[in-house]
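Engineer: Could you have a look at this structure, given as C-alpha cells, before my questions?
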Amino acid sequence: MAIANGVDGLIGFIRRNDVWQQRMLDVLAEHIGPALEEFDLDFEDLSELLGETWPMTLWGCAFEDLLARTFDYGKANVVDLYLEQRGWAEGATDRKYLAGLRSAAPSLFEVSQIVPGKSMVVRDLLSVSDPVTVREKSATRSLKPWDRIAVRVVKQGDDYVISGALLQFSSEATELLLDGLRHTLELGPRQTLNLTEDQKRGCAPLFANAWLFAELPKVLAPELPTLTNNNGDPLEFHDLRFPFAAGVLQKDVKSRLARHPELLTDGQKAWSWVTPEPATYGGPKGALAMHTTKAGQTVLGYLELKGKALILSVNSAERAVTGRKMLMSALDGLVKAPLTSIQTAEKAMAEHQEIPSDEVPPDIARQITHETLNRHYRETLDKPVPALADKTPRQAVRGAAGRKKVIAWLKHIENASARQPGSPMAEYDFRWMWEELGLLDERV
C-alpha cells in the first residue's frame, strides 16, 4: 500500500493508541481470518505464497475499512479523532484526502481507456453510476483494458484518485465476491446489483475474503488448465501411420483421397480433414479449447503422405477413432491397419520448451500473428460461440440480453490478449470487432 496524502501520520497515530491498534487488528481479522483458518495459514505465510507486497496490500484494505467505521455507538471515528488532535500537522490537501478516504466505500471497478502513467477510466460494477476518470501513475502501467479491481475512489478537488489498497480480481474472485454480496444482502441471483455506499462499506471484508479464496488455491495446489479441442475432448495428440498395402503407390492413395468430400488439399501430399458442422462444446467449464478453421470449416485433423505410408494427426482419442474408421473405409484395400503414437498435451508443451527456436524478427512475428488473428476473428463473428449460447456474435448482438453477452465476451478475449506481455497478441487492436458488431459506443 502506498504511503501518501497524510496516511503515514494516521498510521502512526493508530499504532501509538492501544484501543485503536486493537480495533485495527480486529478489522484485519475480518478481512483475512476466514481464509487463514480455511487453509491453516499464518499471516506471515502470505508473503511466501503470494509475494512480498500482498500482505501489506491486504493490511491496507483492512486499514481503509477501519477509517470508514465508527465505534462507541457512532461517536468515535479514527480519522475524525486524528484530524481533531493532529490535523494541524497535515496540509489542507492531505486533510481533505483523509476526510475523502473516510467516506469512500470499496467497490469492484472495470478499467478502460488507460493512459499509462497518467489516468484510467473506472466503471463501478456494483452500482448504477457513470464511469469516472481517475488520476493514477503506478497502477496504469500494469493494468490492462477490462481488468477488474477492488479499490476505493476518492474525490480530490476537481479530480478523482484511487486509494492505496488495490486488489486485482480474476473471474473466479469476481464470481466469489458477487455470490458473497448476494448472500449477505439477501439479493436474488438475477437481481441487478445497485448497492448503496453504506452497503458496500458494510461488506468491505468480503472483497479481501473473495480475493484470498480465489488466489490461495492457485498457489497451494497449482493445476494446469484443462486443455481440450473445440468438441470438449481432452487434448491428446495422436499420430496414426497407415502403411501401404503391397504394390500400392502414393498416386493411388492421392487419387482416392482427392474424391473425399471432407478433405481439403494443403499441398501435393497434404490435406486438412474438415467438417462443415459447427462444433458443440461439451467440455468442462473454464477449460482452454483449441479451435482451428480452414475455409470456414472446423479442422479435425491433418493428413500427409510420407514414403510408403499415410499419416493422420489429430488432437484427441475420439477423433483418432473417427479418423481411423473414415480412412480405412475410404482407402479400403490400399492401406493396412494403422500404428498409433500418442503424446499428452503436457508432454508436448514440455518438449516444445526444451527445443530452441530460430528467433523471428519482431516485425515479422507481429505481422504474421495479427494477420492470423484477423482471419480467425473474422471467421469467429459468423461461428457459434459457447459463451453466447451457441449463437454467432452477429446473431447474439441483435437482442438486448445477447448484446450484453457479446460485450462481456469481447472484453474477455481482449483482456486475455492484452495479458500476454512481450507477445504480438498483446498489441492486437480489437476495435474493428466492436465497430463491426455495432458496439463501439460500449467500448468505454
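One line per residue, one yes/no per condition, for (1) under 30 Å from Leu440 (Cα atoms); (2) of a type in the set (Lys, Arg):
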| position | (1), (2) |
| --- | --- |
| Phe13 | no, no |
| Asp26 | no, no |
| Leu46 | no, no |
| Thr57 | no, no |
| Ala68 | no, no |
| Gln85 | no, no |
| Arg95 | no, yes |
| Val111 | yes, no |
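Engineer: Name the residues in region 317-332 that are surrounded by 20 or more Cβ atoms within 10 Å (Cβ to Cβ) and in a helix (DSSP H, G or I), would you?
Structural biologist: Going residue by residue through region 317-332, those that are surrounded by 20 or more Cβ atoms within 10 Å (Cβ to Cβ) are 319-320, 323, 327, 331.
Those that are surrounded by 20 or more Cβ atoms within 10 Å (Cβ to Cβ) and in a helix (DSSP H, G or I): Arg319, Ala320, Gly323, Leu327.
Engineer: If a residue must be under 15 Å from Asn415 (Cα atoms) and either in contact (Cβ under 8 Å) with a residue 40 or more places away in the chain or among the hydrophobic types (A, V, I, L, M, F, W, C) (or both), how many such residues does region 126-165 contain?
Structural biologist: 7
Engineer: Here's another thing I want to ask about it. Which ranges mark the strands (runs of 3 or more DSSP E) fully within region 128-207 that have 3 or more residues being among the hydrophobic types (A, V, I, L, M, F, W, C)? If you could, list the steps in order and put the result at the bottom.
Structural biologist: Working: elements: 132-135, 148-156, 159-162, 167-169.
Result: 148-156.
Engineer: Which ones in region 404-414 are more than 18 Å from Asp441 (Cβ to Cβ) and buried (at least 16 other Cβ atoms within 10 Å of the Cβ)?
Structural biologist: Going through region 404-414, the residues more than 18 Å from Asp441 (Cβ to Cβ) turn out to be 412-413.
Of everything in region 404-414, just one residue is more than 18 Å from Asp441 (Cβ to Cβ) and buried (at least 16 other Cβ atoms within 10 Å of the Cβ), namely Ile413.
Engineer: Within region 293-312, how many residues turn out to be under 22 Å from Asn231 (Cβ atoms) and open to solvent by 70 Å² or more (accessible area, probe 1.4 Å)?
Structural biologist: Restricting attention to region 293-312, the residues satisfying the condition of being under 22 Å from Asn231 (Cβ atoms) are 293-303, 311-312.
Among the residues that remain, those that are also open to solvent by 70 Å² or more (accessible area, probe 1.4 Å) are: 295, 302.
Result for region 293-312: 2.
Engineer: Take the residues in region 13-43 that are touching a residue at least 40 places away in the same chain (Cβ under 8 Å) and over 18 Å from Ala204 (Cα atoms); name whichever of them is most open to solvent (accessible area, probe 1.4 Å).
Structural biologist: Selected residue: Glu38.
Engineer: Mind telling me which of the residues Ala401, Ala389 ends up being open to solvent by less than 80 Å² (accessible area, probe 1.4 Å), hydrophobic (A, V, I, L, M, F, W, C) and in contact with a helix residue (DSSP H, G or I) (Cβ under 9 Å, 6 or more places away or on another chain)? Quick ask: steps written out before the conclusion?
Structural biologist: Values: Ala401 fails: in contact with a helix residue (DSSP H, G or I) (Cβ under 9 Å, 6 or more places away or on another chain).
From the options Ala401, Ala389, the qualifying one is Ala389.
Engineer: Going through Leu46, Leu50, Leu58, Leu81 one at a time, which residue ends up being out of contact with any Gly (no Cβ under 6 Å at 6 or more places or on another chain), surrounded by fewer than 19 Cβ atoms within 10 Å (Cβ to Cβ) and closer than 14 Å to Ala208 by Cα?
Structural biologist: Values: Leu46 fails: surrounded by fewer than 19 Cβ atoms within 10 Å (Cβ to Cβ); Leu58 fails: surrounded by fewer than 19 Cβ atoms within 10 Å (Cβ to Cβ); Leu81 fails: closer than 14 Å to Ala208 by Cα.
None of the other options fit; the residue is Leu50.
Engineer: Touching a Pro at 6+ places or on another chain (Cβ under 9 Å) and either modelled with pLDDT of 90 or more or assigned to a strand (DSSP E or B) (or both), is that true of Thr280?
Structural biologist: Criteria not met by Thr280.
Engineer: So, in region 86-113, exactly how many residues are touching a residue at least 40 places away in the same chain (Cβ under 8 Å), over 17 Å from Ser163 (Cβ atoms) and not charged (D, E, K, R)?
Structural biologist: Qualifying residue count, region 86-113: 4.
Engineer: Any residue at all in region 423-439 that's out of contact with any strand residue (DSSP E or B) (no Cβ under 7 Å at 6 or more places or on another chain), surrounded by fewer than 18 Cβ atoms within 10 Å (Cβ to Cβ), outside any helix (DSSP H, G or I) and not small (Gly, Ala, Ser)?
Structural biologist: Yes - at least one qualifying residue is present in region 423-439.
Engineer: Filter region 214-256 for residues that are part of a strand (DSSP E or B), over 30 Å from Leu49 (Cα atoms) and at pLDDT below 80 and give the result.
Structural biologist: Of the residues in region 214-256, the ones part of a strand (DSSP E or B) are 227-229, 234, 236-244.
Now drop any that are not over 30 Å from Leu49 (Cα atoms), which leaves 229, 234, 236-244.
Scanning region 214-256 gives a single hit, Asn229.
Engineer: Being open to solvent by 90 Å² or more (accessible area, probe 1.4 Å), at pLDDT 70 or above, assigned to a loop (DSSP other than H, G, I, E, B) and closer than 30 Å to Ser112 by Cβ: is that true of Arg375 here? Give the derivation first.
Structural biologist: Working: open to solvent by 90 Å² or more (accessible area, probe 1.4 Å): yes; at pLDDT 70 or above: yes; assigned to a loop (DSSP other than H, G, I, E, B): no; closer than 30 Å to Ser112 by Cβ: yes.
Spelling it out, it is not the case that Arg375 is open to solvent by 90 Å² or more (accessible area, probe 1.4 Å), at pLDDT 70 or above, assigned to a loop (DSSP other than H, G, I, E, B) and closer than 30 Å to Ser112 by Cβ.
Engineer: Against the condition open to solvent by 60 Å² or more (accessible area, probe 1.4 Å), on the phi < 0 side of the Ramachandran plot, without any contact (Cβ under 8 Å) to a residue 12 or more places away in the chain and outside any helix (DSSP H, G or I), how does Arg123 come out, does it pass? Before you say what the answer is, go through the steps one by one.
Structural biologist: Working: open to solvent by 60 Å² or more (accessible area, probe 1.4 Å): yes; on the phi < 0 side of the Ramachandran plot: yes; without any contact (Cβ under 8 Å) to a residue 12 or more places away in the chain: no; outside any helix (DSSP H, G or I): yes.
Here the answer is no, as Arg123 does not meet what is asked.
Engineer: Are any of the residues in region 361-369 assigned to a helix (DSSP H, G or I), modelled with pLDDT of 75 or more, open to solvent by less than 60 Å² (accessible area, probe 1.4 Å) and touching an Asp or Glu at 6+ places or on another chain (Cβ under 9 Å)? Full working, then the answer.
Structural biologist: At the first step, the residues of region 361-369 found to be assigned to a helix (DSSP H, G or I) are 362-369.
Of the ones still in play, those that are also modelled with pLDDT of 75 or more are none.
Among the residues of region 361-369, not one is assigned to a helix (DSSP H, G or I), modelled with pLDDT of 75 or more, open to solvent by less than 60 Å² (accessible area, probe 1.4 Å) and touching an Asp or Glu at 6+ places or on another chain (Cβ under 9 Å), which makes the answer no.
Engineer: Kindly establish whether Leu108 is assigned to a helix (DSSP H, G or I), touching a helix residue (DSSP H, G or I) at 6+ places or on another chain (Cβ under 7 Å) and either open to solvent by less than 40 Å² (accessible area, probe 1.4 Å) or of a type in the set (Gly, Ala, Ser) (or both). Break it down stepwise before answering.
Structural biologist: On the way: assigned to a helix (DSSP H, G or I): no; touching a helix residue (DSSP H, G or I) at 6+ places or on another chain (Cβ under 7 Å): yes; either open to solvent by less than 40 Å² (accessible area, probe 1.4 Å) or of a type in the set (Gly, Ala, Ser) (or both): yes.
For Leu108, the condition - assigned to a helix (DSSP H, G or I), touching a helix residue (DSSP H, G or I) at 6+ places or on another chain (Cβ under 7 Å) and either open to solvent by less than 40 Å² (accessible area, probe 1.4 Å) or of a type in the set (Gly, Ala, Ser) (or both) - is not met.
Engineer: Where residues in region 314-345 are small (Gly, Ala, Ser) and touching a helix residue (DSSP H, G or I) at 6+ places or on another chain (Cβ under 9 Å), which of them is nearest to Leu300 (Cα to Cα)? So that I can check it myself, show each step before the final result.
Structural biologist: Filtering region 314-345 down to residues small (Gly, Ala, Ser) leaves 316-317, 320, 323, 329-330, 333, 337, 341, 345.
In the following step, the residues that additionally are touching a helix residue (DSSP H, G or I) at 6+ places or on another chain (Cβ under 9 Å) were identified as 330, 337.
On the way: Ala330: 16, Ala337: 20 Å.
Here the residue is Ala330.
Engineer: Give the residues of region 242-251 that are over 16 Å from Arg319 (Cβ atoms) and buried (at least 16 other Cβ atoms within 10 Å of the Cβ), sorted by residue number. If you could, list the steps in order and put the result at the bottom.
Structural biologist: Narrowing region 242-251 to residues over 16 Å from Arg319 (Cβ atoms): 243-251.
Passing the criteria: Phe244, Val248, Gln250.
The values are calculated or read from the model by the stated rules, or taken from the named source; none is laboratory data. Because the structure is a prediction, the values reported are computed rather than measured. Positions of Cβ are backbone-derived with ideal geometry, glycine not excepted, and every protein chain shown enters the neighbour counts. To get the accessible areas, we keep the full protein, side chains included, count just its heavy atoms, and leave off ligands, DNA and RNA. Shrake-Rupley method; radii C 1.70, N 1.55, O 1.52, S 1.80 Å.
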